[in-house]
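Reading through the structure tokens given below for one structure.
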Amino acid sequence: TYGGSGNMSIQVHPPQPYSNAHFGEPFQQDESYYVVKTAGSKTYLGLQDDCNVEEFFACIDQAEKEHVLFDHDKYVNSFPSEQGDQYLLPGGTIHASGRNQVVLEIGSYTIGSYTFKLYDYLRSDLEGVPRPIHSIHGKNVLVTERRRSAVDGVLRPKPRTVREGEGWQEEIVGEHDLIYFSLRRFSFEHNVADDTDGRFHVLVLVEGDEILVYSKADPTRCYRAKHMDMIVVPASLGEYGIINLGKTPCKVTKTMLK
């Protein structure tokens, strides 16, 4: 949404039982946002603590059927975005990326997935037709208990260090019982080492210019990655290293199965 005309649509994804019952899909769609760049933006997550759900749904219906704008901020909670923030979006959680930010979105099920838009600010498509709203499905799956006080510190967690050494650190930036992947982050000046231990790792350089990812057993198996490149490290690779090829410290996100 950086430099765009507005926020992402206010939306929600279905939990597994709903996906299975209505669409024959066996999995739950969960997502996450990692804020890479922001310019005074915000991220929508959960409902306001004082949200009147029936009133909110009535506004959604009126916007969809009569094309009447309403103040979504009265009902949908948002947090000011900071670079490096991690947001967790398990199925059933209302969310959206605000205007003027770049987020790294990592999800668990993006093929055969469903996004139910609850509000899209009355925007039109390229043909001038109001973009579709999926209020019936959206209202069916929305977990209304996920409000600001319930999600702050849980779906917007604080990082915690799991390993560190001279000039480097590994943190868990996001984990939740409903989400089967773990979101980690390396911060390092020169280099850092890791081991796949039989699980594939997905790496993204979110801060820094360029890195080299290489196998410790066979350094010829390597890849040079620039800012925002995504690398899937094979589970069979075992021990590997990451070298900073730039002049500023690096941050690399790592996603792996729990």
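The values are calculated or read from the model by the stated rules, or taken from the named source; none is laboratory data. All values reported here derive from a predicted model rather than from experimental measurement. We place every Cβ from the backbone using ideal geometry, glycine too, and count neighbours over all the protein chains shown. Heavy atoms of the whole protein, side chains included, go into the accessibility calculation; ligands, DNA and RNA do not. Shrake-Rupley method; radii C 1.70, N 1.55, O 1.52, S 1.80 Å.
Table for the structure above
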item: Cα gyration tensor category, rounded, prolate or oblate, for the stretch 172-235 with a/c compared to 1.5; result: oblate
item: Whole-number percent relative contact order across the chain, with pairs defined as alpha carbons under 8 Å at least 6 apart; result: 20 percent
item: Other-chain or far-sequence residues with amide H under 5 Å of E25's (modelled H); result: N20
item: Mean Cα-pair separation over length for the stretch 151-227, i.e. relative contact order, pairs under 8 Å, 6 or more apart, %; result: 18 percent
item: Rounded if a/c under 1.5, otherwise prolate or oblate - the stretch 203-258, Cα gyration tensor axes; result: oblate
item: Relative contact order of the stretch 105-201, pairs being alpha-carbon contacts under 8 Å that are 6 or more residues apart, as %; result: 16 percent
item: Calculated FRET value between D50 and S5, using beta carbons and R₀ = 35 Å, to 0.05; result: 0.75
item: Three-way shape label, the stretch 1-152, alpha-carbon gyration tensor, a/c 1.5; result: rounded
item: Protein-only accessible surface order, largest first, of I10, I106, I243 at 1.4 Å; result: I243, I106, I10
item: Apportionment of accessible area to carbon and sulfur, the stretch 20-99, percent (1.4 Å); result: 46 percent
item: 5 angstrom amide H check on E210, placed H, neighbours 5+ away; result: L245, G246
item: Hz values of 3J(HN,Hα) by residue in the stretch 240-256 - Karplus curve (6.51, -1.76, 1.60), Gly and Pro given as x; result: 9, x, 10, 10, 7, 9, x, 9, 10, x, 10, 10, 10, 7, 10, 10, 8
item: From the coordinates shown, P(r) over Cα pairs in 10 Å bins from 0, in percent corresponds to which of (i) 6, 23, 28, 19, 12, 8, 3, 1, 0; (ii) 6, 23, 23, 13, 6, 5, 4, 5, 5, 5, 3, 1, 0; (iii) 7, 28, 32, 20, 10, 3, 0; result: (iii)
item: All lysines inside 22 Å of K258 as judged from Cα atoms, apart from same-chain residues fewer than 8 positions distant; result: K158
item: FRET efficiency, S124 to D152 (Cβ-Cβ, R0 25 Å, nearest 0.05); result: 0.15
item: Estimated 222 nm signal from helices in the chain, with DSSP H stretches of n ≥ 4 weighted -39500 (n - 2.57), rounded to 500; result: -3500 deg cm²/dmol
item: Probe 1.4 Å, protein heavy atoms only - accessible area per residue of the stretch 125-213 in square angstrom; result: 54 Å²
item: Kirkwood-type radius of the stretch 135-174, with distances r between different C-alpha atoms, in Å; result: 12.9 Å
item: Distant-in-sequence amide H partners of Y2 (H built 1.01 Å from N, under 5 Å); result: N100, Q101
item: Karplus-derived HN-Hα couplings along the stretch 65-70 (A = 6.51, B = -1.76, C = 1.60, θ = phi - 60°), whole Hz, x at Gly and Pro; result: 8, 10, 6, 10, 5, 8
item: Residues D229 and H22, FRET efficiency given R0 of 35 Å [Cβ-Cβ distance, rounded to 0.05]; result: 0.45
